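Here is the structure we will look at.
Coordinate-derived values only; no laboratory data. From a predicted model like this one, the values you see are computed outputs, not experimental measurements. Don't worry about glycine lacking a Cβ; one is built from the backbone with ideal geometry, like all the others, and counts go over all protein chains shown.
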Amino acid sequence: MTRLVVRPAAAVSFTLHRRGLLAGAGLIVAIVVAVLASLSIGSTFVQPGDVVRAIFDIPTWAEKVVELRTPRIVLALVVGAALGLAGALLQGVSRNPLASPDVIGVSQGAGLAASIVIVAGAPIAVLPPLALLGGLGAAAVVLLFGSVRGNRFVLAGIAVAVALRALTEIVIVGAAPVDGQRAQVWIVGTLAGWGYDEALVVAIVIAVLTPVLFWAGRALDTSALSDDVARAIGVRVGPRRLVMAVSGVILAAFATAQVGAVDFVALAAPQIARRLAKAERPPLFCAALTGALLTVVADTAARTLFAPTQLPVGVLTAALGGPYLIWLLVRGKR
């Protein structure tokens with residue numbers, strides 16, 4: 001694999017993989033195409049040319065249509081990128097392709113908190129903060145009972161996720177039908193009704209964590225080493241692993257708190273990105289782009305395939321999760 005070593009300053013250096021750069025460029029082109037398609041397709045079809053003119057403030061009849069669709073697409077891009085990054089961090093540090101927020105209980109913790117808020121009739125403004133606390137609390141329990149590395153981490157997460165999901169079902173079953181349905185829609189994950197405000201929250205979290213993400217991009221290179229070898233070359237294994245895991249959990253918790261549990265994206269995006277870049281560990285930049293692409297495509301399909309009925313995006317992404325897990329199992333057996 002060809003590497004380009006960039007040294008912008010004496011104390012700072014980082015390595016760029018040529019295959020990763022090509023994969024990233026290809027993903028950016030695919031995202032642009034997916035965004036244009038999403039802006040065009042809907043109850044009113046808009047020609048791609050009119051979409052481009054509307055984006056560049058050139059007068060066209062489709063300005064209002066594009067303006068209405070843009071907030072949801074921006075949210076899909078930001079949430080998908082956050083989930084892709086979260087999955088890459090968790091899978092890289094645990095060395096397990098099954099480690100993702102929707103498997104280890106983060107999504108279920110947020111869902112339980114959100115269900116309680118909705119059923120209790122609390123103001124909608126408190127839902128995202130409490131859902132965030134629920135996701136972070138679930139992750140804290142997983143980190144307490146399971147090592148950050150290996151199968152123990154995933155098994156502890158599955159156990160916590162199952163328990164939280166059972167509690168959520170109890171809350172929904174005991175609620176009024178309307179409240180229960182609202183809670184169920186939120187748990188599944190939907191971008192309908194949300195927009196720039198929610199995207200801004202997630203974007204700020206990504207921006208704040210950007211220095212950590214740059215550091216984690218290099219730190220993941222040593223995650224494939226055994227603990228003894230890593231310590232022998234001066235790596236502080238425990239703190240490094242914990243920082244990356246906590247960063248992934250924070251990204252996932254904030255994204256889930258804004259739009260609900262959009263399953264499968266954090267699970268699949270890192271592995272797809274890893275194969276595109278032909279890398280040993282999921283590359284963070286490509287994982288973010290892959291997550292954004294998957295979410296935009298899934299949301300476009302969810303709101304158009306069964307029109308005029310719009311499905312929550314989480315329904316479509318979760319439906320793809322089963323076949324993906326079967327493929328992982330078959331591939332691992334081979």
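In table form, for the structure just shown:
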read-out	value
Residues V208, V202 arranged by fewest to most Cβ contacts within 10 Å	V208, V202
Mean ellipticity per residue at 222 nm, deg cm²/dmol - from DSSP H runs of n ≥ 4 across the chain, formula -39500 (n - 2.57)	-24000 deg cm²/dmol
Span per principal axis, largest first, for the Cα atoms of segment 101-180 (Å)	41, 23, 15
Cβ-based exposure ranking for D197, D102, in which fewest neighbours within 10 Å come first	D197, D102
For the chain, built as a Gaussian network whose Cα springs stay under 10 Å, the top-fluctuating residue of G322, G189, G109	G322
Residues F285, F56, F264, F145, sorted so that the one with the fewest Cβ neighbours within 10 Å comes first	F56, F145, F285, F264
Residues in segment 99-134 reached by a label modelled at V178 [backbone nitrogen below 14 Å; 7 Å Cα→Cβ]	119-122
Potential lengthening between K278 and D57 on full extension [0.36 nm per residue; Cα-Cα distance subtracted]	75.6 nm
Three-way shape label, segment 156-206, alpha-carbon gyration tensor, a/c 1.5	oblate
Cα-based shape type of segment 240-334, given that a ≥ b ≥ c are square roots of the gyration tensor eigenvalues and the cut on a/c is 1.5	oblate
Kyte-Doolittle at least 1.6, axis length at least 24 Å by Cα - qualifying DSSP helices, the chain	18-40, 127-145, 151-173
Sequence-separation-based contact order of the chain, relative, with Cα cut under 8 Å and 6+ spacing, percent	28
Cα gyration tensor, the chain - rounded (a/c under 1.5), prolate or oblate	oblate
